[in-house]
1. Can you tell which of S128, V79, L146 lies farthest toward the positive end of the dipole of the chain, using +1 and -1 charges on the Cβ of basic and acidic side chains (Lys, Arg; Asp, Glu)?
2. Which pairs, out of K49/K150; K145/K232; K40/K82; K30/K150, put more than 23 Å between their alpha-carbon atoms?
3. How would you rank 142-154, 76-88, 98-110, 46-58, highest first, on the average number of other Cβ atoms within 10 Å across their residues?
4. Given the -39500 (n - 2.57) contribution per DSSP H run of 4+ residues, what per-residue ellipticity at 222 nm results for the chain, rounded to the nearest 500 deg cm²/dmol?
5. What is the magnitude of the charge dipole of the chain about its Cα centre, with +1 placed on the Cβ of each Lys and Arg, -1 on the Cβ of each Asp and Glu, and no other charges, expressed in debye to the nearest 20?
6. log₁₀ I(q)/I(0) of the chain at q = 0.09, 0.10, 0.12, 0.15 Å⁻¹, via Debye over equal Cα point scatterers, no solvent, to two decimals?
7. Among V31, T193, T177, which residue has its Cα positioned farthest towards the positive end of the charge dipole of the chain, with +1 placed on the Cβ of Lys and Arg, -1 on the Cβ of Asp and Glu, and the dipole taken about the Cα centre?
8. Can you list the aspartates and glutamates whose alpha carbon is less than 19 Å from that of K73, not counting same-chain residues fewer than 8 positions off?
Amino acid sequence: MVCYICVSFNNYEPVAGILTEYEEDIMNLKVLAINGSARKNGNSATMLKNAVIGAEEADAKTRLVNLYSLDYKGCTGCVKCKLLSGKSFGRCAQRDDLTTVLEEAIDSDVLLLASPIYFNDVTGALRSFLERLWFPAITYTKERKLLYPKRIKVGMIFTTNAPSDFYSELYNGMVRTSSWIIGDTEYVAAAETWQFNDYSKYAADMFDVDARKRRPEEIFPQECRMAYEMGKRLATVQ
Ligand SMILES: Cc1cc2nc3c(=O)[nH]c(=O)nc-3n(C[C@H](O)[C@H](O)[C@H](O)COP(=O)(O)O)c2cc1C
């Protein structure tokens, strides 16, 4: 229970009240954060945790899931999610560690998705998650009917070795697909991230290490701040 103060429009006196659990639920958005990197404290996870902190400051209920801790596969193309009379209509029929996570995602108000870029795309783990989230939602009907019960706000986080803007086309494509199927989607990205503890010990002399060193010190904190602000904005009840 949460105490609140509001203004009664009859007498303009502040009125103290108690929120019912139902009203509390409306005010506390559910935020599901999905880490698509194997590194639980890497660049993508750090950005994601900042977005989660932002969401918590907006009083959201949050949960973070590390995809690499789960045992699951991508879409198998069984098409049971499209079978009109089937018990899996509009839902992924596969049963594995992703099953409950997908239900949580569909039930959430805000989805935060983070991934490093691996070979010009999100990681296989996030791709597999998205296949199983996106495909059951769509239909091949004439009106392209969507099947999830509500629209969900989505915030995507990407981190890359490449300079900023290098992957704008990829990000905008992800945003377009997600906005169509799931709900309004935006993204923040961190570029030229710190990858090796000690660059001199790895086959990595193409990088200007001194310039790169400034990224975690000066630029990455700003990128984390953008993630924090996105999390807070998306989890703020309008
Ligand atoms: C297998 C692999 C493939 C990668 N491919 C790319 C790539 O195509 N483009 C890029 O900019 N960075 C690439 N990177 C670098 C990562 O995207 C970058 O270091 C990222 O910040 C790592 O995030 P993490 O700390 O969350 O794992 C690759 C890294 C790995 C391990």
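1. Value: V79.
2. Working: K49/K150 25 Å; K145/K232 31 Å; K40/K82 35 Å; K30/K150 13 Å.
Cα-Cα > 23 Å for K49/K150; K145/K232; K40/K82; rest within.
3. Highest-to-lowest ranking by the protection proxy: 46-58, 98-110, 142-154, 76-88.
4. Details: 7 runs with 78 residues, N = 238.
Helix contribution divided over all residues of the chain: -10000 deg cm²/dmol.
5. Details: 29 positive and 31 negative charges, 209 e Å.
Dipole of the chain, to the nearest 20 debye: 1000 debye.
6. Treating every Cα as an identical point scatterer, log10 I(q)/I(0) equals -0.45, -0.55, -0.74, -1.03.
7. T177
8. Hits, sequence-local ones excluded: D96, D97, E103, E104, D121, E131.
Taken together, the values in this text are just the output of simple stated rules run on the coordinates, not laboratory data. Since the model is a prediction, treat every value here as computed from it, not as a measurement. As a convention, Cβ positions derive from the backbone with ideal geometry for all residues, glycine included, and neighbour counts pool all protein chains shown.
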